[in-house]
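The values are calculated or read from the model by the stated rules, or taken from the named source; none is laboratory data. Only a predicted model underlies this, so the values are computations on that prediction, with no experimental measurement involved. Quick reminder, even Gly has a Cβ in these numbers, built from the backbone with ideal geometry, and neighbours come from all protein chains shown. Each accessible area value is taken on the protein alone, full model and side chains, heavy atoms only, with ligands, DNA and RNA left out. Shrake-Rupley method; radii C 1.70, N 1.55, O 1.52, S 1.80 Å.
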Amino acid sequence: MKSKISIHTAIALLLFLTNSFGQTKDSEIKNFLDNLSPNNFSGTILVANNDTIIEKRAFGLASIEYGIPNKVDTKFNIASITKMITAVATLQLYENGKIELKRPIGEYLPNYPNKLVRDSVTIHQLLTHTSGNNNFYVGDFLQEEKSKYKNISDFVSLFANDTLLSHPGTKYNYSASGFVILGLIIEKVSGQNYYDYVRQNIFKPAEMENTGELEIDSVVQNKASGYTTLFGESKFPKRNEHYLSKASPAGFHYSTVEDLFKFSKALRNGKLLKKSTAELMYEPKVKGYNTNLGYGMDIDLRYNQTIQGHSGGWYGVRGELMDFMKDNYTVVILSNIDDNGKTGASAVTNFFKELIAEKQTEK
């Protein structure tokens, strides 16, 4: 009898301490957001615990020149967070038996113009940034007239004939080009336009009603304009349309913090992929510049718990989707101003990593 009481007491104490620990984090998050100045961050932040939203806040201006504030449902450019969407679409085709991950892409794109890529690069390598393809966004794309990119195939001329950065399968090189190739495969295998495929098979089942691709000259209500400081080099931000195009499978969809939370929840809860396929996506496969990589997803193993998700950064764009796997927190941060990696959205990201995953503050 005595041992049973002590066991019950221990369990009750453990539950009490666990709840108290969670409440402490929640109160620290609330206090941080209460004191976050619009001068230090422009955008929206969502925090959920155990798939329940506990905070959703907006800061700063969606339009600086017209003084229009950001709202919690404002649409932001999400840059490379789009890669997670493309990865899920690719893995849906895999689990439906329509593609194999370790076969050369030439089996699906027999007319792809680069023979070495066609014969040697696999879907696995495209998903893990080990194909040797480059990041076309930082090349000639910056000088091009962006309005001409209407279809996925329109992006291919930017990189198809470039020399590979490394032999396929030998080295990690972050590659937007590889994800455009995945988009081509999705179109070829599914028989659908890429944008239609992700809308029907990802956005609709995940109930992401405010997510989609936009033309750069689209007039859309409740969309944040982007402002670039050239990553902290300039004190005077300027509009970022010159740096943007319509979304490709590698980047630039528009979304909201709640839609990205819905995406995270749908992915983790089996709405978008079977459990076995999702586990394959989450499994660390290669070491990137800082984190490990699964399939189209960062798997950060540097702290006291795994953080799964993806970041997005570009001129006038900064975003983060983070799932803290031990404490079951999801944090989504979207900003319409870039930063130097230590201020703005980056500082907000670091706060959550330090609080929840005990990241050590860099001095």
- Cβ under 13 Å from Glu107's Cβ, Glu107 left aside: what net charge do those residues give with Lys, Arg +1 and Asp, Glu -1? +3
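Based on the mean of other Cβ atoms within 10 Å per residue, sort peptides 124-132, 207-215 so the most packed one is first. Please list the in-between numbers first.
Values: 124-132: 24.9, 207-215: 17.6.
Going from most to least packed, we get 124-132, 207-215.
Mean Kyte-Doolittle of at least -1.0 plus a Cα span of 30 Å or more along the axis: flag which DSSP H helices in the chain meet both, please.
Details: long enough: 2-34 (47 Å, 0.11).
Within the chain the helices that satisfy the rule are 2-34.
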- Note on the structure: Distribution output for the stretch 27-141: share of Cα-Cα pairs per 10 Å bin in percent, first bin at 0, values 11, 26, 23, 19, 18, 3
- By average C-beta atoms within 10 angstrom, highest first, the peptides 77-86, 237-246: 77-86, 237-246
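Could you grab the relative contact order for the stretch 27-108? Cα pairs under 8 Å, six or more apart, rounded to a whole percent. Could the numbers behind the result be given before it?
On the way: 67 pairs, mean separation 14.2, N = 82.
Worked out over the stretch 27-108, it gives 17 percent.
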- Placing +1 at every Lys and Arg Cβ and -1 at every Asp and Glu Cβ, with all other atoms neutral, what dipole size does the chain have around its Cα centre, in debye to the nearest 20? 760
- In whole angstrom, and with the biggest value first, how far do the Cα coordinates of the stretch 241-295 range along each principal axis? 41, 28, 17
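If we count every other residue with Cβ under 14 angstrom of Phe261's Cβ, Lys/Arg +1 and Asp/Glu -1, where does the sum land? All intermediate terms of the calculation are to be shown ahead of the outcome.
Numbers: positive: Lys56, Arg57, Lys262, Lys265, Arg268, Lys271; negative: Asp51, Glu55, Asp73, Glu207, Glu209, Glu258, Asp259, Glu320, Asp323.
Combined, the nearby Lys, Arg, Asp and Glu give -3.
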- Item | Rounded to the nearest 10 Å², the accessible area of Asp154 at probe 1.4 Å | 50
- Query: So what are the three principal axis dimensions of the stretch 266-363 from its Cα atoms, in whole Å, longest to shortest?
  - Reply: 39, 28, 24
- Note on the structure: Averaged per residue, the 1.4 Å probe accessible area of the chain, protein heavy atoms only, in Å², is roughly 46
- Checking rank on 218-226, 316-324, with mean other Cβ inside 10 Å and highest first, the result is 316-324, 218-226
- Can you tell which of Gly191, Gly178, Tyr289 lies farthest toward the positive end of the dipole of the chain, using +1 and -1 charges on the Cβ of basic and acidic side chains (Lys, Arg; Asp, Glu)? Tyr289
- Message: For mean projected area of the Cα convex hull in nm², pick the label among (i) 27.4; (ii) 20.3; (iii) 17.1 that corresponds to the value derived from the coordinates.
- Response: (ii)
- Message: So for the stretch 22-104, if I pair up every lysine 8 or more residues apart or on another chain, how many of those pairs have alpha-carbons under 29 Å apart?
- Response: 13
- Query: Given only helices, namely DSSP H runs of n ≥ 4 each adding -39500 (n - 2.57), what is the per-residue ellipticity at 222 nm of the chain, to the nearest 500 deg cm²/dmol?
  - Reply: -9500 deg cm²/dmol
